[in-house]
Amino acid sequence: MSGTDTSLLVIDTSYGSTVGLPGREPCIETDSRSHVERLQVNIAKVMDQAGLSADDLRTIVVGLGPAPFTGLRAGIVTAKALAFATGARLLGQDILEPQARYAYSRLKRQGQDHARLLVLAVNDARRRQLYYRLFDDFGGAEAPARPLTDMSIDYPAAIGEKIAAIAEERESVDQDPVTLVISGHGATRYADQWERLDQHSDMRVVLDEGSFLEDRTRGTGLMAACATRRAQHGLIDPVEPLYLRRPDVSVPNPLKHVAVQS
């Protein structure tokens, strides 16, 4: 996939909404109260600006989250409907891998030398929790990133304990100090929780707030590249929303039997 592949459309509603064609200016809505209503309007807008019709699409990349329920579902349902109507190939992409790659590449561009670099990609899950996944190997430009943990959801303090244990193990094996970058929506919101990680021996913690998609054309290009790279390696994810949180509703207890007197 080239960086200007206008036959590919990116749709993500993991945080606000982003609609874009790689290499062209995307439409981004940060207001979570209105982005669902604006989604179809913005799809039509970016297609019109590129001089394309829906039939020109060959691939649709949609963000799978992890993210809260309502907004995420709207983006995925829209992408599925559009793919069905046009015959375009539909690829799902979680947002944590491109978030980690974005943070990693930014540090490398700054010319900073880190003997051992870990990236904790996060997204705000509300209820004082974060979605997260830890990465340490980005496999070069042609390979998917390698995660160190499963994708999950937890409270920042609990996440910090898990990461500290992993970092300590890495230091003992490699004998190199670890730099941990915490990147994504919610990274700075829980800064007080990450202070405990700074107390870990020789580990430096860098906070990087915000989504890679806020970098506009670079962000949508990165999203598209991650999805197509994974597909080329046979890593096709089911296009289903990643909520990760157990449903709030539960099956009610059976009704009590009431004897009827005659």
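So, G184, is that one at positive phi, outside the structural domain of L222 (by TED's automatic domain parsing) and modelled with pLDDT of 95 or more or not? Spell out the reasoning first.
On the way: at positive phi: yes; outside the structural domain of L222 (by TED's automatic domain parsing): yes; modelled with pLDDT of 95 or more: yes.
Considered against the rule, which asks whether it is at positive phi, outside the structural domain of L222 (by TED's automatic domain parsing) and modelled with pLDDT of 95 or more, G184 comes out as yes.
Kindly indicate which of A145, A121 is small (G, A, S), at pLDDT 95 or above and in contact with an Asp or Glu (Cβ under 8 Å, 6 or more places away or on another chain). Before the answer, list the steps.
Details: A145 fails: at pLDDT 95 or above.
Checking each option against the conditions leaves just A121.
Are any residues in the range 70-103 of a type in the set (S, T, N, Q) and part of a helix (DSSP H, G or I), and if so, which ones?
Quick first cut of the range 70-103, residues of a type in the set (S, T, N, Q) only: 70, 78, 86, 93, 99.
Those that are of a type in the set (S, T, N, Q) and part of a helix (DSSP H, G or I): T70, T78, T86, Q99.
Tally up the residues in the range 42-74 that are touching a Lys or Arg at 6+ places or on another chain (Cβ under 8 Å) and within 18 Å of G186 (Cα to Cα), please.
Total meeting the criteria: 1.
Within the range 229-242, does at least one residue satisfy the condition of being surrounded by fewer than 20 Cβ atoms within 10 Å (Cβ to Cβ), touching a strand residue (DSSP E or B) at 6+ places or on another chain (Cβ under 7 Å) and among the acidic types (D, E)?
Yes, the range 229-242 contains a residue that is surrounded by fewer than 20 Cβ atoms within 10 Å (Cβ to Cβ), touching a strand residue (DSSP E or B) at 6+ places or on another chain (Cβ under 7 Å) and among the acidic types (D, E).
Pick from the range 130-170 the residues that are of a type outside the set (A, V, I, L, M, F, W, C) and in contact with a Pro (Cβ under 7 Å, 6 or more places away or on another chain): which of them is farthest from C226 (Cα to Cα)?
For the range 130-170, the residue satisfying everything is Y131.
Just to be sure, is A67 part of a loop (DSSP other than H, G, I, E, B) and in contact (Cβ under 8 Å) with a residue 24 or more places away in the chain? Quick ask: steps written out before the conclusion?
Working: part of a loop (DSSP other than H, G, I, E, B): yes; in contact (Cβ under 8 Å) with a residue 24 or more places away in the chain: yes.
So A67 passes the test.
Within the range 58-76, how many residues turn out to be more than 14 Å from the chain's Cα centre (by Cα) and at pLDDT 95 or above?
Adding up the residues that qualify gives 3.
For the condition assigned to a strand (DSSP E or B), under 23 Å from N123 (Cα atoms) and touching a residue at least 24 places away in the same chain (Cβ under 8 Å), what is the one hit in V61, V36? Step through it out loud before you land on a result.
On the way: V36 fails: assigned to a strand (DSSP E or B).
It is V61.
Just one of D55, D48 is without any contact (Cβ under 8 Å) to a residue 12 or more places away in the chain, in a helix (DSSP H, G or I) and acidic (D, E); which is it?
Details: D55 fails: without any contact (Cβ under 8 Å) to a residue 12 or more places away in the chain.
So the residue among D55, D48 that is without any contact (Cβ under 8 Å) to a residue 12 or more places away in the chain, in a helix (DSSP H, G or I) and acidic (D, E) is D48.
Looking at (1) in contact with a helix residue (DSSP H, G or I) (Cβ under 7 Å, 6 or more places away or on another chain); (2) buried (at least 17 other Cβ atoms within 10 Å of the Cβ), find the lone condition where T59 falls short.
Every condition holds for T59 apart from (1).
Out of D192, D202, D150, I need the residue that is more than 15 Å from the chain's Cα centre (by Cα), part of a loop (DSSP other than H, G, I, E, B) and surrounded by fewer than 20 Cβ atoms within 10 Å (Cβ to Cβ). Which one?
On the way: D192 fails: part of a loop (DSSP other than H, G, I, E, B); D150 fails: more than 15 Å from the chain's Cα centre (by Cα).
One residue alone meets the criteria, D202.
Is there a residue in the range 19-33 that is at pLDDT 90 or above, surrounded by fewer than 14 Cβ atoms within 10 Å (Cβ to Cβ) and more than 21 Å from L244 (Cα to Cα)?
yes
The values are calculated or read from the model by the stated rules, or taken from the named source; none is laboratory data. This is a predicted model, so every value here is computed, not measured. Glycine gets a Cβ as well: all are built from the backbone with ideal geometry, and neighbour counts include every protein chain shown.
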